[in-house]
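Visitor: Structure provided below as structure tokens; questions to follow.
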Amino acid sequence: MKIDLPIAFEQKMREMLGADYDKYLASFDKEAYQGLRVNTAKLSVEQFLSMSPYELKQVDWCKNGFYYEKHEKPAKHPYYFAGLYYIQEPSAMTTASLLPVEKGDVVLDLCAAPGGKSTELAAKLDGTGLLITNDISNSRAKALLKNIEVFGVGNALVTSEPPNVLANRFPAFFDKILIDAPCSGEGMFRKQSNMTKAWENNGVDLFVGLQRSILKEAVTMLKPGGMIIYSTCTFSKEENEQSIEYLLSLDNSLELVELPLIKGFDKGHPEWGLEHNEALTKCRRLWPHCIEGEGHFVAMVQKREDNVLNANVAPYVFSKEKLSKEAEEFITSLRYPFDLKRMDVQKERVYYIPEQMPFVKGLRILRCGLYMGDMKKNRFEPSQSLAMFLKKEHFPNVLDLSVEDDRVIKYLKGETISLTSEEEDVLKDGICLICVDGFSLGFGKLNRGTMKNKYLPGWRYM
């Protein structure tokens, strides 16, 4: 592949890589790698492999990550619409894969859009604890929200705030924080060659400033014993080792955590820091000429338990509005143990609030908990996000279609679908959960043999 690298960048890489520079340059002649990551909150890796329509190869550093062949179109497959996997560049899987999220944790993804790392964090939480996923760009946060909802995540707060606003709200609140920092993107030049122009225009200094402002706020939000994992898709020592040195300088209770040295990974380089801190060898660099993926950097720090802080985060405040009779009847008919005391009504919209949800008034929020649906006159309209959250066994009225059934694509395109006589005999008029091979796609409304399509228009198959 022909690519014109900026001269200043070439010189810098020669200095960093020495004899390996030619190998790095040769990596541009290879095709970029394609990857997908299985949503383990919906099915096991083994279950997905048994039904996968693709020839897949395991990603070494992500147990639920796989390479697929370039000619495949996984974003057009019904399983993608069912939230069974996320399409993600293989190196980008590293950060969330390495963060040791435990069930019940309170987790923050600070620069989260479009949601690749957040969806993996949510899968690790498996419906427990709380995920706050944030992006300062409201337009990008909308894409983040969609991916969160496609994945069936019900225990999330999706926000669009600058880090300092969150830091003022959530001191010492999080068990784990993930920062996939805005960066100069040097590691993505092979995949997105147009990024070289942005590099020439911006260099690294702009991003160094952004990264340090983010890190400064993130430290204050970390609990004693908690962990921050930091990543970039760049090679710049200023944005990598030197940013980690800056992070360590913010709090003397922070210590670097040794990350796995997986085949092809490189250690961090103390000589590229400012202080020549030998602990920087605990960081990891991913070079595109050493692995099957793009360039990446990742490091993790932990705050010692002896640094005791008194978190003062107020709990969520529920509204005084009550569920309508129709909403309560619908929710209690579901075969899922929803606690009605955790339902919150906001201008006829019903949300299910996770137990660890904090006080959120005043924040720019795209979604708070699980959006259940809307209370209408004499009826309750369940939401698309509720459909994606529910499993087949949770709903009393289910139309489960085979992936080979042409009605699946018709449904995803928003069309009315017909039923067989056998299906008409089994299904009852009213709301139906439409599934593909046992996995939820959305709702329909059956009336005298006609299934009205309730699939969210903005998500339709194009």
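The values are calculated or read from the model by the stated rules, or taken from the named source; none is laboratory data. Only a predicted model underlies this, so the values are computations on that prediction, with no experimental measurement involved. Cβ placement follows ideal geometry from the backbone for every residue including glycine, while neighbour counts extend to all protein chains displayed. Only protein heavy atoms, including side chains, enter the accessible area calculation; ligands, DNA and RNA are left aside. Shrake-Rupley method; radii C 1.70, N 1.55, O 1.52, S 1.80 Å.
Visitor: Is there a residue being crowded, with 16+ Cβ neighbours inside 10 Å and farther than 21 Å from L98 by Cβ anywhere in the stretch 289-306?
Guide: Yes: the stretch 289-306 contains one or more residues that are crowded, with 16+ Cβ neighbours inside 10 Å and farther than 21 Å from L98 by Cβ.
Visitor: Further question on the same structure: Quick check on the stretch 190-212. Is at least one of its residues in contact (Cβ under 8 Å) with a residue 40 or more places away in the chain, of a type in the set (G, A, S) and in a helix (DSSP H, G or I)?
Guide: No, the stretch 190-212 has no match at all.
Visitor: Here's something else I'd like to know. Look at the stretch 220-251 and say how many of its residues are part of a helix (DSSP H, G or I) and open to solvent by 10 Å² or more (accessible area, probe 1.4 Å).
Guide: 7
Visitor: Also, quick follow-up: Would you please list the contacts, defined by Cβ atoms under 8 Å and residues six or more apart or on different chains, that run from a residue in the stretch 1-25 that is of a type in the set (D, E) to a residue that is outside any helix (DSSP H, G or I) and surrounded by 11 or more Cβ atoms within 10 Å (Cβ to Cβ)?
Guide: Final answer for the pair search is D20/W287; D20/H289.
Visitor: Sort through T95, T119 and tell me the only one that's farther than 22 Å from F170 by Cα, buried (at least 20 other Cβ atoms within 10 Å of the Cβ) and either of a type in the set (S, T, Y) or over 11 Å from the mean Cα position of the chain (by Cα) (or both).
Guide: Of the residues listed, the single one that is farther than 22 Å from F170 by Cα, buried (at least 20 other Cβ atoms within 10 Å of the Cβ) and either of a type in the set (S, T, Y) or over 11 Å from the mean Cα position of the chain (by Cα) (or both) is T95.
Visitor: Let me ask another. For the stretch 252-288, which residues satisfy the criterion of being buried (at least 23 other Cβ atoms within 10 Å of the Cβ) and among the aliphatic types (A, V, I, L, M)?
Guide: Across the stretch 252-288, the qualifying residues are L280, L286.
Visitor: Restrict the check to the stretch 134-150 and report whether at least one residue is open to solvent by 40 Å² or more (accessible area, probe 1.4 Å), part of a helix (DSSP H, G or I) and of a type in the set (S, T, Y).
Guide: Yes, the stretch 134-150 contains a residue that is open to solvent by 40 Å² or more (accessible area, probe 1.4 Å), part of a helix (DSSP H, G or I) and of a type in the set (S, T, Y).
Visitor: Output the residues belonging to the stretch 111-133 that are in contact with a Ser or Thr (Cβ under 9 Å, 6 or more places away or on another chain) and assigned to a loop (DSSP other than H, G, I, E, B).
Guide: A112, A113, G115, D126
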